Amino acid sequence: MQTLRYLIQKEFIQIFRNKALLPMMTALPIIQLIVLSNAASNDVKDVRLVVVDNDQSEISRSLTRKIDANDRFTLVEVSFSHDAAFELMQRNKVDIILEVPSNFEREYYRREAPKVQMLVNAINGQQATVGSGYLNNIIASLSGEFQPQRSQISGSPTALVEVSSNNWYNPELKYPHFMAPGILAELAALLTIVLSAMNVVREREIGTIEQINVTPIKKWEFILGKLVPFLCIGLVLVTVGLLASKLIFDIPIRGSLLLVFGYAIINLICVLGLGLLISNFADTQQQAIFVAFFFVLIFILMCGLFTPIQSMPKWAQYATIPNPLAHFISVTRKVLLKGSGFWDIRWEFIYTIILAVLFNVAAIWSYKKQQ
């Protein structure tokens, strides 16, 4: 144990000699948390729209006014020509064309189920899906407003179904509340994996690892001595991220922070094992960084931070099981926002413990003491 203590002490001294490390542990996570939580948003605003009003009735004009009054839409113009409106879409001037057919109002009052045509520029799939959803809600609300008149004219009143909805865990639908826990997990995991991936290969480049290789230090002691200091750095990153999320975005903390930190320790051990495994096979720091970022990109794209895992193909959903970042994000969101307990996140613990054992055993096995 004394040998291990000296190794850990050596690593801390070597780490804190790096003057760029302190900003990476404090300022960088806060800046990234603020920028990404506000910039990376699925909320769609300023959807440009053209209304082609072929009916020019009271209902069609009311629909145009409701769209113009909605702050999510920018009404470019009200046209009477489909070709002119389509030309605007061709020139990327509008995102949606809403065409109201002639006799729309008459068919509505006759209960003939009139239809409007919505042409959506789907190059930006997110904006197309969400923007058309907003527009459907406006049309549905307008139909409800004219329902009493429709019943009086037709002579057969129709009962309306009222839908009452409640948003649980994020009642005000604040996007930073959804993003901040995920970004917190991402920063802690990815910074530690990059730092650990550069560690062993850096010693190999400057020649200090040769002095360690001639000592009777066991391989597991060497890997554990590298792991513990970066584990402490990762926990500092988690703490800084939690404080910044609470102070800046006022995210709710409904669950146990001890549970979050307990899982964070296991997850950081997992990603550090992967980082040390990469470092064992790399010959230069550049190689280590490139390989680490290869895994980082895959982890980010398939972790559920920006797109739900449930919306991925089945094979991609199974591919997220060996992704420690996906489990970290799931745990932080469940515990902080929902107040989940250990039983609710037991599978994340099980998967991550298995990955931690595999990565660290592979890191110990792959480390070769040069003769």
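The values are calculated or read from the model by the stated rules, or taken from the named source; none is laboratory data. Not measured: the values here are computed from a predicted model. Here Cβ is always computed from backbone atoms with ideal geometry, including for glycine, and neighbour counts include all displayed protein chains. For the accessible areas, the whole protein counts, side chains as well, though only heavy atoms, and no ligand, DNA or RNA atoms are used. Shrake-Rupley method; radii C 1.70, N 1.55, O 1.52, S 1.80 Å.
Worth pointing out:
- Contour minus Cα-Cα distance for LEU358 and ALA316 (0.36 nm per residue): 13.0 nm
- In this rough spin-label picture, where each label sits 7 Å from Cα along the Cβ direction, the ILE212-ALA84 distance is 7.4 nm.
- Helix content alone sets the calculated 222 nm mean residue ellipticity of the chain: runs of n ≥ 4 DSSP H residues at -39500 (n - 2.57) each, divided across all residues, give -20000 deg cm²/dmol.
- Label-to-label distance, nm, for residues given as ALA27 and LYS115 (7 Å Cα→Cβ offset): 6.0 nm
- Note on ILE13 and GLU107: their simple-model spin labels are 8.3 nm apart, each label 7 Å out from Cα toward Cβ.
- Rounded FRET efficiency, nearest 0.05, which uses the C-beta distance separating LEU243 from GLU205 and R0 of 45 Å: 0.80
- The stretch 214-318: chymotrypsin sites (Phe, Trp or Tyr not before Pro) falling in loop per DSSP and having at most 16 other Cβ within 10 Å: PHE306
- Paramagnetic label zone (point 7 Å from Cα along Cα-to-C-beta, THR129; backbone N under 17 Å) in the stretch 295-316: 301-316
- Exposed GluC sites (Glu not before Pro) absent - longest run of the chain, DSSP non-H/G/I/E/B, at most 12 other C-beta within 10 Å: 173-371
- Cα long-axis angle, helix 175-206 against the chain (0 to 90 degrees, to the nearest 10): 30 degrees
- The chain, accessible surface, carbon-and-sulfur percent (1.4 angstrom probe): 62 percent
- Degrees separating the helix 125-145 axis from the principal Cα axis of the chain, which is the longest one: 40 degrees
- Among ASP46, ASP53, ASP83, the sequence by solvent-accessible area, most first, with a 1.4 Å probe is ASP83, ASP46, ASP53.
- Cα-based helix-to-principal-axis angle, 58-69 vs the chain, degrees rounded to 10: 30 degrees
- On the beta carbon distance between ARG254 and THR307, with R0 = 25 Å, the FRET formula returns roughly 0.50.
- Checking the cross-link pairs LYS19/LYS226; LYS19/LYS218; LYS10/LYS218; LYS10/LYS368 against a 23 Å limit on the alpha carbon distance flags LYS19/LYS218 as lying beyond it.
- Sites GLU172 and SER62, calculated FRET efficiency, Cβ-Cβ separation with R0 41 Å, nearest 0.05: 0.90
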